[in-house]
1. For A217, state whether it is of a type in the set (G, A, S) and farther than 26 Å from D108 by Cα.
2. Please state which one of Q140, Q95 is under 20 Å from A226 (Cα atoms) and open to solvent by 50 Å² or more (accessible area, probe 1.4 Å).
3. For the stretch 61-78, give me each residue that is open to solvent by less than 20 Å² (accessible area, probe 1.4 Å) and either over 15 Å from L107 (Cα atoms) or in contact with a Phe, Trp or Tyr (Cβ under 7 Å, 6 or more places away or on another chain) (or both).
4. What tally of residues in the stretch 77-135 results from selecting those that are over 30 Å from M204 (Cβ atoms) and aromatic (F, W, Y)?
5. Here are some residues: Y72, Y65. Which one is outside any loop (DSSP other than H, G, I, E, B), farther than 18 Å from V157 by Cα, out of contact with any helix residue (DSSP H, G or I) (no Cβ under 9 Å at 6 or more places or on another chain) and not small (G, A, S)?
6. Consider only pairs whose beta carbons are under 8 Å apart and that are at least six residues apart or on different chains; among these, list those whose first residue lies in the stretch 182-208 and is open to solvent by 80 Å² or more (accessible area, probe 1.4 Å) and whose second residue is in a helix (DSSP H, G or I).
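The values are calculated or read from the model by the stated rules, or taken from the named source; none is laboratory data. Owing to the predicted nature of the structure, the values given are computational and were not obtained by experimental measurement. All Cβ positions, glycine included, derive from the backbone under ideal geometry; neighbour counts span all protein chains shown. In case anyone asks, the SASA skips ligands and DNA or RNA and just uses the protein heavy atoms, side chains included. Shrake-Rupley method; radii C 1.70, N 1.55, O 1.52, S 1.80 Å.
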Amino acid sequence: MIKPLFLANGFPMMALENNAYTQFLSTLGNNITPKAIVVFTAHWDNKSLTISSSDSIYETMYDFYGFPKELYQIKYNAKGSSSIASEIRDKLTIQGIEVKEDLTRGLDHGAWTLLKHLYPNADIPVIQISINSYLPIDDQIKIGDAIKALGQEDILVIGSGNTVHNLRLVNFQQTTVDSWAEEFDDWLIDKIRNKDLNSLLNYMDLAPHSNLAVPTAEHFVPLFIALGSSKNLNPEILNRHYELGNLSYLCFQF
């Protein structure tokens with residue numbers, strides 16, 4: 001059985017970097033061998049949950065601008081899997097979750113910058129799924145719950161996002177960590193470890209500095225999809241550090 005992950009997707013330059021975090025991802029990939037990978041990406045935010053359902057090789061999307069030329073030359077040539085996408089669609093539909101399918105969208109950087117370090121050979125089928133950041137947290141958990149059997153099929157579920165993601169407040173010269181970012185993550189870790197779902201559902205009212213940590217929810221909600229897809233909520237912190245003052249690289253395995 002493969003446990004679901006929540007992984008911080010960081011800045012696109014991560015794809016070119018060799019540092020402690022990318023080495024962590026490489027080691028993590030070496031220790032998990034899935035038959036397929038499902039990625040809920042913060043960079044595909046749709047009103048309707050949409051599944052990439054083609055068997056073709058994905059195009060690599062460069063859904064960012066202003067970075068070095070080398071970044072735009074990276075290709076991550078993973079294939080999709082229509083059969084696994086159909087299985088996921090059926091599991092979600094049975095639970096009353098509206099699902100659409102997409103045959104043309106490429107892999108966005110919320111997926112491929114992580115996968116390049118996790119599985120650099122791009123030889124494992126990838127199913128990319130959108131999120132709807134406007135759904136309440138309990139609905140995000142229900143999406144995960146609908147597919148929690150995938151782990152028993154050796155399919156890895158990844159929620160790709162960040163627990164603290166406020167690009168208006170990052171500081172490229174800062175080497176210390178803003179206390180408010182740590183305090184938000186401390187609160188989040190405590191509530192997840194204690195399975196305090198009621199507090200998690202109401203994080204905007206209860207968590208310290210939630211308005212700073214989560215100004216918009218698209219990077220936050222993949223956490224709850226991954227959490228919901230766990231068979232037994234037994235969280236493990238795999239990584240925790242911060243860059244640019246407050247960008248959180250907190251990662252969980254559920």
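1. The answer is no for A217.
2. After ruling out the rest, the residue left standing is Q95.
3. Y76, A78
4. Total satisfying the criteria: 2.
5. Y72
6. Sorted first by the residue in the stretch 182-208, then by its partner, the pairs are M204/S210; M204/N211; L206/W187; L206/S199.
For (1) out of contact with any helix residue (DSSP H, G or I) (no Cβ under 6 Å at 6 or more places or on another chain); (2) farther than 30 Å from K35 by Cβ, each residue gets a yes or a no:
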residue: L114; (1), (2): yes, no
residue: I124; (1), (2): yes, no
residue: A146; (1), (2): no, no
residue: S160; (1), (2): no, no
residue: L167; (1), (2): yes, yes
residue: F184; (1), (2): no, yes
residue: D190; (1), (2): yes, yes
residue: P208; (1), (2): no, yes
